[in-house]
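Report on the structure given below.
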Amino acid sequence: MSIYRRWRDLSVNIVTIALAFQALSSSAAARTERTNDVISGIAVIERLETGDLLPNATHRFWFRAGDNAVGQGWYVPVIVVKGAKPGPRLLLTAGIHGDELNGISVIHRLVAKLDPATLSGTVVAIPGLNTPGLLASSREFPADGANLNRSMPGDAAAGGAKAYAARLWSRLLRPNADAAVDLHTQSRGTAYVLYAFASTPRTRRMAELVGPDIVKMDTGDKGTVENELTRDGVPAITFELGYPEVFDGPTIARAAAGIENLMTEMGMIAGSVRPTLPFVANRLLAVRASVAGWMTLIVPLGSSVAKDQPIATIADPFGRVIATATAPVAGRINTIATDPRRNPGDMVARIVWWDPDPKCADGC
């Protein structure tokens with residue numbers, strides 16, 4: 001054998017070995033990272049990689065999302081239902097705002113019903129992203145008052161909500177999703193119909209499949225789970241589920257059935273896709289109180305309204321009507337204020353409608 005051939009073969013072997021080590025290193029970096037901690041029989045992890053979990057099983061973990069000011073961990077519950085057959089990974093999240101609770105029960109209901117033996121793919125379900133916010137019953141992240149759902153993908157060096165978001169994003173959410181549904185409600189003093197946000201043709205289809213009353217095409221806000229995932233190639237929607245601070249049974253049942261409908265379309269569970277007929281909108285306008293006083297809604301949440309139709313009255317402390325709020329456009333009421341005490345400029349309701357301008361097809 002010539003010296004050249006020996007050198008060539010040696011070079012090939014070195015490259016092969018180097019590539020093998022690189023693959024092993026990449027695989028190791030992506031693996032689920034377990035700590036030695038166990039809480040109430042549930043293992044604690046610092047990174048999730050669903051690819052190295054056993055199929056045909058339901059796995060439960062505590063994900064350590066950060067530490068609090070006295071050096072104790074903030075733990076986030078994670079449920080992974082990994083099917084016996086391969087398929088897409090659907091990420092379900094709830095409780096990123098600590099006073100928005102219906103989505104937590106939706107996840108509990110879905111997971112209890114799923115059978116990994118008949119599931120194709122993996123459901124990664126996180127029933128409570130904002131642990132400190134949930135404990136404080138706060139929409140915000142209590143450590144710094146920031147909105148955790150405007151903080152994605154986070155910044156590990158920033159502290160507060162940004163650092164917490166960075167661990168969630170890089171170690172739990174983004175690596176384990178091919179599609180996602182982020183579950184919300186309105187916050188204190190307000191209520192939604194079943195309402196989904198979408199920003200692309202694919203996410204519009206996802207939003208329609210979950211069966212809301214209204215789909216709002218919306219370019220969204222920077223830092224939300226929905227928009228950051230969608231921008232990064234993972235189609236995601238926000239699914240809003242009525243009132244805060246409650247478990248509302250009928251709403252929860254509808255939302256769970258809607259996600260099952262999406263899973264059917266994705267080929268994850270057997271069945272026929274159920275048709276839905278939500279009202280689709282791409283514009284929104286808030287109706288506000290012109291004076292201070294006691295608000296009484298005239299038309300209920302979800303109603304269709306005509307332009308200039310009265311939707312609420314404002315009364316003085318003696319019950320005398322001093323102002324009437326009217327609809328500035330024709331459309332559908334998607335949000336109402338549930339607290340009757342209104343200051344001047346406070347929101348009474350929000351109305352959505354469809355603008356036929358082509359530039360608004362994905363939201364204006």
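Which entries of LYS113/LYS162; LYS113/LYS216; LYS82/LYS113; LYS216/LYS359 show an alpha-carbon separation above 23 angstrom in the structure shown?
Numbers: LYS113/LYS162 34 Å; LYS113/LYS216 29 Å; LYS82/LYS113 13 Å; LYS216/LYS359 15 Å.
Over 23 Å Cα-Cα: LYS113/LYS162; LYS113/LYS216.
Could you tell me what percent of the accessible area of region 273-356 is made up of carbon and sulfur, with a 1.4 Å probe and every protein chain present?
Numbers: 2510 of 4340 Å².
On region 273-356, the fraction of accessible area on carbon and sulfur atoms equals 58 percent.
Each peptide among 141-147, 155-161, 73-79, 112-118 gets the average number of other Cβ atoms lying within 10 Å of its residues, and from highest to lowest they stand as 73-79, 141-147, 155-161, 112-118.
Return the loop-located trypsin sites (Lys or Arg not before Pro) in region 307-342 (DSSP other than H, G, I, E, B) with at most 12 other Cβ atoms within 10 Å of their own Cβ; answer none if there are none.
Numbers: sites: LYS307, ARG320, ARG332, ARG341, ARG342; in loops: LYS307, ARG320.
Taking region 307-342 and a limit of 12 other Cβ atoms within 10 Å, the loop trypsin sites (Lys or Arg not before Pro) found are LYS307, ARG320.
Placing R0 at 56 angstrom, the Cβ-Cβ distance between ASP316 and ASP362 gives a FRET efficiency of 0.80 after rounding to 0.05. Backbone geometry of region 199-206 corresponds, through the Karplus equation with coefficients 6.51, -1.76 and 1.60 at θ = phi - 60°, to 3J(HN,Hα) couplings of 9, 9, x, 5, 6, 4, 4, 4 Hz, x marking Gly and Pro. Here the sum of -39500 (n - 2.57) over DSSP H runs of 4 or more residues, divided by the residues of the chain, equals -7500 deg cm²/dmol at 222 nm, to the nearest 500.
Computed from the alpha carbon positions, the gyration tensor of region 195-259 leads to an equivalent ellipsoid with semi-axes of 22, 13, 10 Å, biggest first.
Over region 129-282, with the other protein chains present, what is the accessible area per residue in square angstrom, probe 1.4 angstrom? Don't skip to the end; give the middle numbers.
On the way: 5540 Å² over 154 residues.
So region 129-282 comes to 36 Å² accessible per residue, rounded to a whole number.
Length gained on full extension, ALA306 to ASP52, computed as 0.36 nm times the residue gap minus the Cα-Cα distance: 85.9 nm. Across all directions, the average projected area of the convex hull around the alpha carbons of the chain is 25.2 nm². Shown here are the Rg and Dmax of the Cα trace of region 224-364, at 18.6, 59 Å. Surface composition of region 113-260: carbon plus sulfur atoms contribute 52% of the solvent-accessible area (1.4 Å probe, protein chains only, all chains present). Within the same chain, aspartates and glutamates fewer than 8 places from LYS85 are excluded, and of the rest, those with a Cα less than 14 Å from its Cα are ASP115.
The shape of region 229-301 can be summarised by an equivalent ellipsoid whose semi-axes, obtained from the alpha carbon gyration tensor, come to 33, 18, 13 Å from longest to shortest. Between amide H atoms placed 1.01 Å from N, distances below 5 Å from GLN309 occur with ALA327, all of them 5 or more places distant or on a separate chain.
The values are calculated or read from the model by the stated rules, or taken from the named source; none is laboratory data. Bear in mind that the values here come from a model prediction, so they are computed numbers and not experimental data. All Cβ positions, even for glycine, are placed from backbone atoms using ideal geometry, and neighbour counts span all protein chains on display. Remember, those area values only see protein heavy atoms, side chains included, never the ligands or the DNA or RNA. Shrake-Rupley method; radii C 1.70, N 1.55, O 1.52, S 1.80 Å.
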